[in-house]
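**Student:** Below are the C-alpha cells for one structure; questions will follow.
The values are calculated or read from the model by the stated rules, or taken from the named source; none is laboratory data. Remember, it's a predicted structure, so these values are computed and weren't measured experimentally. Note that we place each Cβ from the backbone using ideal geometry, even for glycine, and neighbour counts take in every protein chain shown.
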Amino acid sequence: MLLLSALTAIGPLTFDTYLAAFPEIGADLGASTAAVQLTLTASLAGLALGQLFIGSLSDAYGRRRPLLGALALYVVVSAAIVLVDSIAMLTVLRVVQGFAAAAGMVLSMATIRDRFEGVAVSKMMARLMLVVGVAPVLAPTIGAQLLRFGSWRLVFGFLAVVGLVLLVIASVALRESLPVEKRRTGGTRAALGSYRVLLTSRTFLGLAFLSATYMGAMFTYVSAATFVFQDGYSLSAQEFGWVFAAGAAGITAGSQVYGALVGRFEPERILAWAVAAGVVLVAALLVVTAAGGGFWPVTTLLVLVLTTAGFVMPSAPAIALAANPQRAGTAAALLGALQFGLGAVIAPLTSLGGQPTALRMAVVMTATILVSAVLLLVTRVGMPARRVRAVAA
C-alpha cells in the first residue's frame, strides 16, 4: 500500500511542485502569465490522455509492465525539461510528462480494485486520497524551498530524481495484481467494447462527470492560487506554500473522515452530504470575494470547500469502480481522464480577460460545483437500489 500511495503522489507532485515558480518561469522564458499557466493545462491534458491509454492497456497486459515503462519515460522527460529554452518546448514536454505520470495514478486505483472488494475498496481509496491530500501539502513547500537554492529548473531535476527512485523501487517490489486469466483478450475491439459499456452506463457516467466537475473546482484553485495569493495578497513563495498546505490538509481531513464513516453510512449518502455542503460553502466564497473580502475569510472558505472535496474524491470513484470489477483498469482510466481532461479545460478559465483574481476563481469554482450537484441528482435517480446495498455491504 505504501508503494501504491507513493505512485499516486507522482501526479500531485508533477502539478504542484512548480507552482511557486510560475513568476520566475515567465521571466526566464519571456512568457506571459497565460502562457505559463498553459503549462499546467498541458500536463493535465497529458494526464487525461495517458490514463485512457495506460488504463486500457493494463487490462490486457497487466499492471506492472505499463507502469515501469511509464516511469522510465517520466524520468527522461523530467530531465529534458531542465534544458528547455522556450515556453513552447516546456509546454510540449509537460504534455508528455503528464502522460507518463498518469500510470502511477490510474494503476494504483486499478490495483486496489484487483485486490479488494466492497467497502474495502472505499477504505483503500480513502487512503489514496490521504496521499493526494498530503502530496500537495509537501509539493509547493518543497518547490518553494528548492527555489531558495536554485532556479525553477531545479524543481524539475527533483521530479526526475523522484521518478527514478520510484522506478527502482517498483522494479524490485511491485508484484503483478492482475492474473493472466483475468486479463482482457480480443485486442482493440475488446478495448473499445469496454469503453462502450462504460460510456453507455448512466450511473457510471453520472459519477464520472460528477467527480470530474468537482475536481475541476480543485484545479481552478490550483491553477489560480499562486496569482491570487502571491500577486493579489502579496504573499511570498514560502508563505504561499503554507496557504496551499492548509487547503491540502482540508482535503486530507475530509478523505480520512470519509474512510471512518464509510462502514457506517452508504457511500452515496456521504457523497450527497459532501456535495450539498460544497454548494453552500462555495456560494459563501463567491459572496465574500464579490464583496472584496480579505485574505483570512477567503482562505478559510477555500479550505472548507476543499475539505468537502476530500469526501467527494474517494466516494464517487469507489462507487463507480465497485460496479465494474471486470474492467477496473479501463474504468479507472476513464474516471481519471474525465477528471483531468475537464480540469485542463476548466483551469484556464480564470485567466480569461486578464490575470486570475479571487473573484474569477470563486465564479468558476461555484459553477463547477453546481454542475456536480445537478449530476448527483441525476445519478442518484438512476442508481439501482440493489447496487446501493451491494456497495455499502
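**Student:** Going by the structure shown, is VAL36 in contact with a Phe, Trp or Tyr (Cβ under 8 Å, 6 or more places away or on another chain) and not in a loop (DSSP other than H, G, I, E, B)?
**Tutor:** yes
**Student:** I'd like the residue in the stretch 24-40 that is of a type outside the set (A, V, I, L, M) and within 23 Å of the chain's Cα centre (by Cα) and, out of all such residues, is nearest to GLY98 (Cα to Cα).
**Tutor:** THR39
**Student:** Within the stretch 80-96, identify whether any single residue is modelled with pLDDT of 85 or more and of a type in the set (Asp, Glu), and answer yes or no.
**Tutor:** yes
**Student:** Here's a follow-up. Take the residues of the stretch 237-255 that are modelled with pLDDT under 85 and polar (S, T, N, Q): which is farthest from the chain's Cα centre (by Cα)?
**Tutor:** The residue in question is GLN238.
**Student:** Answer with yes or no whether VAL222 is more than 18 Å from the chain's Cα centre (by Cα), β-branched (Val, Ile, Thr) and on the phi < 0 side of the Ramachandran plot.
**Tutor:** No.
**Student:** Related question: Look through VAL84, VAL77, VAL92, VAL96 and report the one residue that is part of a loop (DSSP other than H, G, I, E, B), aliphatic (A, V, I, L, M) and closer than 19 Å to THR17 by Cα.
**Tutor:** Result: VAL84 is the single residue among VAL84, VAL77, VAL92, VAL96 that is part of a loop (DSSP other than H, G, I, E, B), aliphatic (A, V, I, L, M) and closer than 19 Å to THR17 by Cα.
**Student:** Select, from VAL262, VAL303, VAL257, VAL275, the only residue that is out of contact with any Leu (no Cβ under 9 Å at 6 or more places or on another chain) and crowded, with 23+ Cβ neighbours inside 10 Å.
**Tutor:** Exactly one residue qualifies, and that residue is VAL262.
**Student:** Then there's this: When you go through SER56, SER43 one by one, which is the residue that is crowded, with 23+ Cβ neighbours inside 10 Å, in contact (Cβ under 8 Å) with a residue 40 or more places away in the chain and more than 16 Å from the chain's Cα centre (by Cα)?
**Tutor:** SER56
**Student:** I'd like to know if the stretch 61-70 contains one or more residues that are more than 20 Å from ALA173 (Cα to Cα) and either in contact with a Phe, Trp or Tyr (Cβ under 6 Å, 6 or more places away or on another chain) or surrounded by fewer than 24 Cβ atoms within 10 Å (Cβ to Cβ) (or both).
**Tutor:** No, the stretch 61-70 contains no residue that is more than 20 Å from ALA173 (Cα to Cα) and either in contact with a Phe, Trp or Tyr (Cβ under 6 Å, 6 or more places away or on another chain) or surrounded by fewer than 24 Cβ atoms within 10 Å (Cβ to Cβ) (or both).
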